[in-house]
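For reference, the structure is listed below as structure tokens.
What follows draws every value from the coordinates through simple rules; no lab data is involved. Bear in mind that the values here come from a model prediction, so they are computed numbers and not experimental data. Ideal geometry is used to build each Cβ from the backbone, glycine not excepted, and the neighbour counts take in all protein chains shown.
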Amino acid sequence: MPEDKLSKIVAFCRRRGFVFGGSEIYGGLSSIWDYGPLGAVLKKKIKDVWWDTYVLGREDIVGLDSSLIMHEDVFRASGHLEGFSDLLVDCPGCKKRFRLDKLEKKDKHAYRCPECKKDIDIEKSKPRKFNLMLKTNLSATEDNPNYAYLRPETAQGIFVNFANVLNTTHKKLPLGIAQIGKAFRNEVTTGSFIFRMKEFEQMEIEYFVHPKKAAQAYQYWVNERFNFYLEKIGLAKDNLRLREHAKDELAHYAKSCTDIEFNFPFGWSELEGVANRGDFDLTEHARVSKKDLSYFDPETNERFIPFVIEPSAGVDRTFFALICNAYHEEEVKGKLRTVLKLKPSLAAFRLAIFPLLKNKPDLVELAKNIFYDIKNKVSVVYDDSAAIGKLYRRQDEIGTPFCVTVDVDSLTDKCVTVRDRDTMQQTRVSTDKLFAFIQEKTN
Ligand code: ATP
């Protein structure tokens, strides 16, 4: 996937109302983005698929919606206060600031600047630590501050509620607690569109198991989540791969970790991390809070701190991968056609309805009647604001799987022309069978 695809996709997302720059009319904010009308729909659909699959679809996982602002001690226990920092280094050439771990190493002390290509000697430009958490003050006065933090991951809300969930649901292990929500990181590396944002959304499951079952559960979740991207999101297998972390790359608490990577326009990068975090989180929260976070198994009479497997996915990265995967440019009769080949269930509209001629009132009326008839059953859009070729192109671009045209013959034969987004083939369908036709083709 070439780099210029990135600028095409950024421009496309803006033009069609998927993604806008945050606070744009005031000059914008770096790495902060807003989702427009079509983006908001797609993002919600991604979250719904995940929630429906794991929370509604399973007996062993329950949902949670914990707060974004959390107590300082949460992050003392989790290690974020101490250790959630990047090593940053300034390039002496272009003066830009980079994460040391993302730079190309030349030799022992020298790295290559990705912007101006000059050498960065870390003996001279000493790397400095920079904590990524966003701090806020909950006190009404500045001189008596009461600091709290915007969570840098949704996971901590799950760990601090582990006992609450266990005691109120009376569930047994293995038990997953799932949450979708915003997370905040004061990221320094910028410029990769919605891949790395300061405010983003995560879909995380903390899956608690007996320590002896952790290795097996970890493998299960790596496969399960890989297949989710293939089957439920529709990413191409060629664009996905698994990358297991080497032992020296693992976070100090993690027993093992595998990234699910997508082939983004700038190369293979993390879409999701699946980690076996051992008993680190519950042990540390129990230690700092002095609360009992152990689990008692009534069948074996055993009390223990569960291990946790964490599949941690990014909503925004899934959205980005999905657009990259679905975006196609094709030449049709000497003209460029842009088409978003989304799974029909993820498209904002299952079908679009147009009258062939907008100056014929009886055609417009019939088209609108068909639209209102079907509107309560399936997501549909009506449009008569341009010529038919342009209307098709608009719908192709946003991934609408079927376009329905009402023409003069429709008035007598009660049939409409249904055009398939991907093949562009047209089929004549009777209006009373239209809904069933769309249902069958898009489910
Ligand atoms: P990276 O190494 O790319 O910074 P990470 O390993 O720090 O990512 P995790 O802490 O494992 O990321 O977070 C889990 C998931 O949350 C990531 O796989 C990604 O999908 C998403 N995510 C993390 N940071 C961001 C961000 N700044 N912007 C958008 N999504 C993010």
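Structure summary
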| item | result |
| --- | --- |
| Cα-based reach from K102 at 17 Å (exclusive), listing aspartates and glutamates while leaving out same-chain residues under 8 positions away | D86, D90, E115, D119, D121, E187, D248, E249, D259, E261, E270 |
| For H80, H252, H245, order by how many other beta-carbon atoms lie within 10 Å, fewest first | H252, H245, H80 |
| Prolate/oblate/rounded label for segment 349-442 (Cα gyration tensor, a/c 1.5) | rounded |
| Fraction of beta bridges assigned by DSSP in the chain that are antiparallel (%, nearest 5) | 85 percent |
| Inter-centroid distance (Cα atoms) of segment 8-32 relative to segment 50-103, Å | 23 Å |
| Highest-MSF residue in the chain out of K368, K182, K198 [GNM, Cα springs under 10 Å] | K368 |
| Sequence-separation-based contact order of segment 86-131, relative, with Cα cut under 8 Å and 6+ spacing, percent | 43 percent |
| Cross-link pairs K5/K106; K377/K433; K47/K172; K106/K126; K96/K117; K117/K198 - those with Cα-Cα distance over 18 Å | K5/K106; K47/K172; K117/K198 |
| Ranked E302, E261, E272, E331, criterion: other C-beta atoms within 10 Å, fewest first | E331, E302, E261, E272 |
| Highest-fluctuation residue, P145, P401, P127 considered, GNM on the chain with Cα pairs under 10 Å | P145 |
| Whole-angstrom gap from segment 242-292 to segment 345-396, using each part's C-alpha centre | 47 Å |
| Sorted by Cβ neighbour density within 10 Å, fewest at the top, the residues V406, V288, V55 | V288, V55, V406 |
| Candidates A313, A11, A77: whichever shows maximal mean-square fluctuation once the chain is modelled as a Gaussian network with Cα springs under 10 Å | A11 |
| Backbone HN-Hα couplings from phi across segment 106-115 [Karplus 6.51/-1.76/1.60, Hz, Gly and Pro as x] | 9, 8, 3, 10, 9, 10, 9, 6, x, 8 |
| Cys residues of the chain counted as unpaired, since no other Cys beta-carbon is under 4.7 Å | C13, C257, C324, C403, C415 |
| Set of lysines with alpha-carbon distance to K171 below 21 Å, sequence-local pairs under 8 removed | K212, K213, K291 |
